[in-house]
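S.K.: Structure below; questions to follow.
The values are calculated or read from the model by the stated rules, or taken from the named source; none is laboratory data. Quantities reported herein were computed from a predicted structural model and do not represent experimental measurements. Cβ: placed from backbone, ideal geometry, glycine included. Neighbour counts: every protein chain shown.
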Amino acid sequence: MESFLTDKIILEIRAGTGGEEASLFAADLARMYQKYALKKGWSFVILDYSFSDLKGYKTFIAEISGSGVYEALKNEAGVHRVQRVPKTEKSGRVHTSTAAVAILPEVSAKEIEINPQDIEISFFRSSGPGGQNVNKVETAVRIRHFPTGLVVASQSERSQARNRELALNILRAKLYEISKTKVGQQIENLRKNQIGSMERSEKIRTYNFPQDRITDHRLNKKFSHIEKILEGDLEPIVEAFRKKGGE
């Protein structure tokens, strides 16, 4: 029996190869999962993020909770590749960029114990687009875990105590991933099966805008209506994985 909660996950998205276009694609994916969660009636709480110059996401972390969320989204983990003409492209050329998605099951406090002496907790003001401080008090929380070097943060809530709780949830999820790896493995390789090196060749899914086609390379299956799927209509892909699992 797995020692994690199947009704709560940590979603992590990181812009990969492709500069500003990769960060804009990361923002598209974040919006897709948020809208899909809304359609499913799940809770979607943005925990931490960092913006690019064009207001795309360099990093994005959220907590999603609801019935069956892990089973529905576990296959989203990996490198997503987009092929389209970027907003920054003046000559109309199609570019290929990537964003990496990690789906981390949230772990209960009793499963992963964190020694208070192993962490450093600091506080800062939460930020909005462009990096401006949106709160006058330091309610956002950052936690550094000395044994692993992991740094996590939460800035979504107005309460410092709630942000501390959410940051600890992220840390537990990541420590759980570490606990499943072999002793001595490098931290940067911990989620290699999900994120890889974020190169264009390491992809689980390709979003081809000129041909209005999404190809999932594990299912060897194609889906049309990219814009509709990015607006949260993810069910056809989720259902295709369910059918494959039931074969």
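S.K.: Which residue out of Ile214, Ile237, Ile178 is within 20 Å of the chain's Cα centre (by Cα), of a type outside the set (Gly, Ala, Ser), modelled with pLDDT of 90 or more and assigned to a helix (DSSP H, G or I)?
M.R.: So the residue among Ile214, Ile237, Ile178 that is within 20 Å of the chain's Cα centre (by Cα), of a type outside the set (Gly, Ala, Ser), modelled with pLDDT of 90 or more and assigned to a helix (DSSP H, G or I) is Ile237.
S.K.: As an exercise: evaluate Lys192 against (1) modelled with pLDDT of 90 or more; (2) in a loop (DSSP other than H, G, I, E, B) and give the number of the one condition it does not meet.
M.R.: Every condition holds for Lys192 apart from (1).
S.K.: Any idea which of Tyr36, Tyr70 is out of contact with any Ser or Thr (no Cβ under 7 Å at 6 or more places or on another chain) and hydroxyl-bearing (Ser, Thr, Tyr)?
M.R.: Answer to the check: Tyr36.
S.K.: Would you check which residues across region 29-41 are crowded, with 22+ Cβ neighbours inside 10 Å and either over 15 Å from Val82 (Cβ atoms) or hydroxyl-bearing (Ser, Thr, Tyr) (or both) and list them?
M.R.: Across region 29-41, the qualifying residues are Tyr33, Tyr36, Ala37.
S.K.: Among the residues of region 59-84, write down those that are of a type in the set (D, E, K, R) and either buried (at least 20 other Cβ atoms within 10 Å of the Cβ) or farther than 27 Å from Arg213 by Cβ (or both).
M.R.: Hits for region 59-84 are Glu63, Glu76, Arg81.
S.K.: OK, next. So which residues in region 11-28 are surrounded by fewer than 24 Cβ atoms within 10 Å (Cβ to Cβ) and out of contact with any Ser or Thr (no Cβ under 9 Å at 6 or more places or on another chain), if there are any at all?
M.R.: The one that is surrounded by fewer than 24 Cβ atoms within 10 Å (Cβ to Cβ) and out of contact with any Ser or Thr (no Cβ under 9 Å at 6 or more places or on another chain): Asp28.
S.K.: Can you name the residue in region 143-155 that is part of a strand (DSSP E or B) and surrounded by fewer than 18 Cβ atoms within 10 Å (Cβ to Cβ) and is also farthest from the chain's Cα centre (by Cα) among such residues?
M.R.: Out of the qualifying residues, it is Arg144.
S.K.: Quick check on region 109-136: of everything there that is farther than 23 Å from Arg158 by Cα and among the polar types (S, T, N, Q), which residue is modelled with the highest pLDDT?
M.R.: That would be Gln117.
Condition check ((1) within 21 Å of Asn169 (Cα to Cα); (2) in contact (Cβ under 8 Å) with a residue 40 or more places away in the chain) across all residues:
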{"position": "Ser67", "(1), (2)": "yes, yes"}
{"position": "Arg84", "(1), (2)": "no, yes"}
{"position": "Lys90", "(1), (2)": "no, no"}
{"position": "Arg93", "(1), (2)": "no, no"}
{"position": "Ile112", "(1), (2)": "yes, yes"}
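S.K.: Where in region 1-120 are there strands (runs of 3 or more DSSP E), lying fully within it, with 3 or more residues that are under 22 Å from Thr206 (Cα atoms)?
M.R.: 8-15, 57-65, 78-84, 95-105
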